[in-house]
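Trainee: Please see the structure below; I have some questions.
Computed from the coordinates by the stated procedures, all read-outs in this text should not be read as laboratory data. The structure presented is a predicted model; accordingly, all values stated were derived computationally and were not measured. In this analysis, Cβ positions are derived from the backbone assuming ideal geometry, glycine residues included, and neighbour counts consider all displayed protein chains.
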């Protein structure tokens, strides 16, 4: 059973096999206190090494093995029709009208939300507390199994929201090619409506999540072809957003989706 260990617990009281991930995490955290002037690629690489010692990926079960392998290779997997239309229908009936009301200025929904009138984007945060049907996605055992197998047994779902992007031609800062962090940010999206290239799909640059020299130097060969995250309603998209990706503007109609973000938020002891 996993337990939380207080930060002041003497590490010498633990067997080295248990102490190492905890000590590594603490050493990694010290990197944030190093003055910027003395930071270098060498200190960053050391911090990154210690940081990843806390990750304990579990073996992928047979039903998830091919998806995890593809994530490791490409950084992204698109699974069409993951939610059949009959299973998706209750989610669409509850969530899409709620997102429309949020974008239109419903004050009762804006209390726990993020809305950009400039970009025409509205996110209903903690949507699993507002829309009961959304739990069918957020509690999905397959998605959570893939997250644990790909990232770590200690991974947690920390950010859950529904999103609509509707303003034709509006350009967001997220439409610029970027990666989220050098730490693993594993994300799952469920398309609530049919998404083609005119309805603001994400574009992901396959293989760009892999650690290579360009990631340290903040450079990238942008001639690479991107994989566009289009699909029918019910399509599941899984991605490691250390990889380079971008959004795209709405050209023909709105985009509706659910999003579930995962990362290792705190160290767990075994």
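Trainee: Give me 157, 116, 152 sorted ascending by neighbouring Cβ count inside 10 Å, so fewest comes first.
Mentor: If I rank by nearby Cβ atoms, fewest first, I get 116, 157, 152.
Trainee: Pop the C-beta distance of residue 176 and residue 93 into the FRET formula with R0 = 22 Å and round what comes out to the nearest 0.05.
Mentor: 0.05
Trainee: Could you list 150, 119 so that the one with the fewest beta carbons within 10 Å of its beta carbon is first and the one with the most is last?
Mentor: Fewest-to-most Cβ neighbours within 10 Å comes out as 119, 150.
Trainee: Something else: Starting from the Cα-Cα distance between residue 73 and residue 86, subtract it from 0.36 nm times their residue separation and give me the gain in nm to one decimal.
Mentor: That pair, residue 73 and residue 86, stretches by 1.4 nm at full extension.
Trainee: Quote the FRET efficiency, to the nearest 0.05, computed for residue 168 versus residue 58 with a Förster distance R0 of 35 Å and r equal to the Cβ-Cβ distance. Let's see the in-between values first.
Mentor: Values: r = 44 Å, r/R0 = 1.26.
Plugging the Cβ-Cβ distance into 1/(1 + (r/R0)^6) gives 0.20.
Trainee: Please give the FRET efficiency for residue 100 paired with residue 196, using the beta carbon to beta carbon distance and R0 = 25 Å, rounded to the nearest 0.05.
Mentor: Efficiency at R0 = 25 Å is approximately 0.80.
Trainee: Then there is this: Quick one: order 111, 153 by neighbouring beta-carbon count within 10 Å, fewest to most.
Mentor: Placing the least packed residue first, the sequence is 111, 153.
Trainee: With all pairs of different alpha carbon atoms counted, what Kirkwood hydrodynamic radius in Å does region 62-263 show?
Mentor: The Cα-based Kirkwood calculation yields 17.2 Å.
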